[in-house]
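Asker: I have a structure here, written as structure tokens, and I will follow up with some questions on it.
The values are calculated or read from the model by the stated rules, or taken from the named source; none is laboratory data. Keep in mind it's a predicted model, so treat the numbers as computed, not measured. Heads up, the Cβs are rebuilt from the backbone with ideal geometry, glycines too, and the neighbour counts pull from every protein chain shown. SASA here: full protein model, heavy atoms, side chains in, ligands and nucleic acids out. Shrake-Rupley method; radii C 1.70, N 1.55, O 1.52, S 1.80 Å.
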Amino acid sequence: MSTPTTRLLTVEGAADTRTHVPLLERYRQRLPFAPGDPLVTLQEGSTPLLRAPVLSELVGATVRLKLEGANPTGSFKDRGMTCAVSAAVREGAKAVICASTGNTAASAAAYAARAGITCAVIVPEGRIAQGKMAQTLVHGARVIELKGNFDRALELVRELTGAHPIVLVNSVNEFRIEGQKTAAFEIHEALEGSLEALCIPVGNAGNITSYWRGFRELGAAPRLWGFQAEGAAPLVLGKIVEQPETVASAIRIGNPVRWEDAMAAATDSRGSIRPVSDQEILAAFRLLASKEGMFCEPASAASVAGLLKYGADAAEQVVCVLTGRGLKDPETAIANNDGRVIPCAAEIGAIEEAVLGDP
Ligand SMILES: *Cc1c(COP(=O)(O)O)cnc(C)c1O
């Protein structure tokens, strides 16, 4: 294999205010990178902020959706991964590793492929959504399926990276948090500082930590409303959940690594971390797809489920973070919708009945 740096881009000198550039260049002056550093990018960030008219009407506030599924691998993890993998290459690393419920694996695999380095991922046995597994495999990562849950997988990779020269790219990695804070910058800029409340799903709690850091750096202080699935709600319960369970696999985590940071983000922003049930998550998931035209993954819908459940509490400008794209998890989508497939003979009469008849 050629040495990775010979084929890599490098960080440009000037910060760039255009939106069609890698976030590491757009926000270089707020990120721990210098001109000439290696840049591993798939042109992440600068995602859309979409008005949600139906949700706005339902909660009596102006609600927008931050479409993080528009990132290159289909989730916000790319914001952190461009920074984590660029920094790993800068340090001369030849391999990265993560434990993952799916999206971190897909993102790490893609950025490692781009950098020309090796990637290994540890996933909990049989619990990875199909799209995420497809991505991870096709990018050429070594996929290790652990007979255990995510929390155990993370404990083991932390131990492994303590003993071997492999860079851990879970959200314990500070570069992940640094990269992900740029989503807060984008929202703050787009709304010219008028954001009052941010709704966000919480799993390992890296993302809520990142947003709070991003807003604080700009002197902004919207309320952060984090939502966990009822069956995987350690931050709500104040104790580790040994067997986390939820349909929203991306937030099926019982012992978040950013526990204290997340609690501080909720408290300091006068926000909260509250539970939503799987039923509420799936109802929001279907509403987003069928009424707003937005197909996100179930974990992402937890942000909207929470807003619908607890209300906007007099906030007028609200953003819900849709963390990942619906195509990531086709099984859950097919099992949870109000549609059906109508079989039809290849004749005009049958087609007429199928198309125009009573549903
Ligand atoms: C990773 C992830 C989350 C949870 O983010 P944390 O930083 O672990 O709290 C939520 N939704 C999706 C789609 C994710 O991939």
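Asker: Pop the C-beta distance of Glu145 and Leu237 into the FRET formula with R0 = 30 Å and round what comes out to the nearest 0.05.
Answerer: For Glu145 and Leu237, the calculated efficiency is 0.60.
Asker: Over the stretch 77-173, what is the mean sequence separation of C-alpha contacts under 8 Å (at least six apart), divided by residue count, expressed as relative contact order in percent?
Answerer: Across the stretch 77-173, relative contact order equals 34 percent.
Asker: Given the -39500 (n - 2.57) contribution per DSSP H run of 4+ residues, what per-residue ellipticity at 222 nm results for the chain, rounded to the nearest 500 deg cm²/dmol?
Answerer: -11500 deg cm²/dmol
Asker: Find the cysteines in the chain that fail to meet the 4.7 Å Cβ criterion with every other cysteine, and list them.
Answerer: Cys83, Cys98, Cys119, Cys296, Cys344
Asker: In debye to the nearest 20, how big a dipole does the chain give about its Cα centre with +1 on each Lys and Arg Cβ and -1 on each Asp and Glu Cβ?
Answerer: 920
Asker: Continuing with the same structure: Tell me, what is the percent relative contact order of the stretch 134-240, built from C-alpha pairs under 8 Å that lie six or more residues apart?
Answerer: That works out to 21 percent.
Asker: Rg/Rh for the stretch 161-236: what does it come to with C-alpha atoms and Rh from Kirkwood?
Answerer: Rg divided by Rh gives 1.06.
Asker: If I take every Cα pair under 8 Å that is 6 or more residues apart in the chain, average their sequence separation and divide by the length, what percent do I get for the relative contact order?
Answerer: 17
Asker: Moving on. Taking a spot 7 Å from the Cα of Arg127 along the direction of its beta carbon, which residues of the stretch 240-276 have an amide N less than 13 Å from it?
Answerer: Those under the cut-off are 241-256.
Asker: While we're looking at this one, here's another question. Does a label point 7 Å from the Cα of Ser277, set along Cα-to-beta-carbon, have any residues of the stretch 216-253 with amide nitrogen under 17 Å, and which are they?
Answerer: Within reach of a label on Ser277: 228-233, 245-248.
Asker: Here's another thing I want to ask about it. With the crude spin-label approximation of a point 7 Å out along Cα→Cβ, what separation in nm comes out for Ala346 versus Ala264?
Answerer: 6.6
Asker: Still on this structure: Going by amide H atoms built from the backbone, whose H comes under 5 Å of the H on Leu146, apart from near neighbours?
Answerer: Those qualifying (amide H under 5 Å, at least 5 residues apart or on another chain) are Val123, Glu125.
Asker: Name the shape class, rounded, prolate or oblate, that the alpha-carbon gyration tensor gives for the stretch 77-173, where a ≥ b ≥ c are the square roots of its eigenvalues, rounded holds for a/c under 1.5, and otherwise prolate holds if a/b is larger than b/c and oblate otherwise.
Answerer: oblate
Asker: Further, regarding this structure: Kyte-Doolittle mean at least -1.0 and Cα extent at least 15 Å along the axis: which DSSP H helices of the chain qualify?
Answerer: Qualifying helices, which must be both long enough and hydrophobic enough, are 77-90, 103-115, 150-163, 278-291, 298-310.
Asker: Also, I was wondering about something else. Translational D (Stokes-Einstein, µm²/s) of the stretch 42-86 at 10 °C and 1.306 mPa s when Rh comes from the Kirkwood sum over C-alpha pairs?
Answerer: Estimated via Stokes-Einstein, D reaches 135 µm²/s.
Asker: Quantify, in whole percent, the carbon and sulfur part of the accessible surface of the chain (1.4 Å probe; protein heavy atoms only).
Answerer: The value for the chain is 52 percent carbon and sulfur by accessible area.
Asker: Give me the distance in nm between label points sitting 7 Å out from Cα along the Cα-to-Cβ direction at Leu137 and Glu230, one decimal.
Answerer: Rounded to a tenth, the inter-label distance reads 3.4 nm.
Asker: Enumerate lysine pairs in the chain that are 8 or more residues apart or on different chains, then count those whose Cα atoms are under 16 Å apart.
Answerer: Here the count comes out as 6.
Asker: Still on this structure: Which value in Å is the Kirkwood Rh of the stretch 176-334 over different Cα pairs?
Answerer: In the stretch 176-334 this quantity evaluates to 15.4 Å.
Asker: While we're looking at this one, here's another question. Starting from the Cα-Cα distance between Glu91 and Glu155, subtract it from 0.36 nm times their residue separation and give me the gain in nm to one decimal.
Answerer: Length gained, Glu91 through Glu155: 20.7 nm.
Asker: Tell me which residues come under 5 Å, amide H to amide H, from Ala95 once H is placed; ignore anything under 5 positions away on its chain.
Answerer: Sorted by chain and number, the residues that satisfy this are Thr118, Val167.
Asker: Kindly rank 135-145, 121-131 from highest to lowest mean number of other beta carbons found within 10 Å of each residue.
Answerer: Packing proxy ranking, top to bottom: 121-131, 135-145.
Asker: Given the Cα atoms of the chain, and with Rh set as the inverse mean 1/r over their pairs in the Kirkwood sense, what is Rg to Rh to two decimals?
Answerer: With Rh from the inverse mean 1/r over Cα pairs, Rg/Rh is 0.99.
Asker: I've got another one for you. Hey, can you find the accessible area per residue of the stretch 77-173 for me, probe 1.4 Å, expressed in square angstrom?
Answerer: Ligands and nucleic acids excluded, the figure is 37 Å² per residue.
Asker: Taking the highest mean first, how do the peptides 326-333, 112-119, 173-180 order by number of other beta carbon atoms within 10 angstrom per residue?
Answerer: For the peptides 326-333, 112-119, 173-180, the packing ranking is 173-180, 112-119, 326-333.
Asker: So, one more: Asp313 label point, 7 Å along Cα→Cβ, cut-off 13 Å on backbone N: hits in the stretch 203-231?
Answerer: Zone members listed by number: 222-227.
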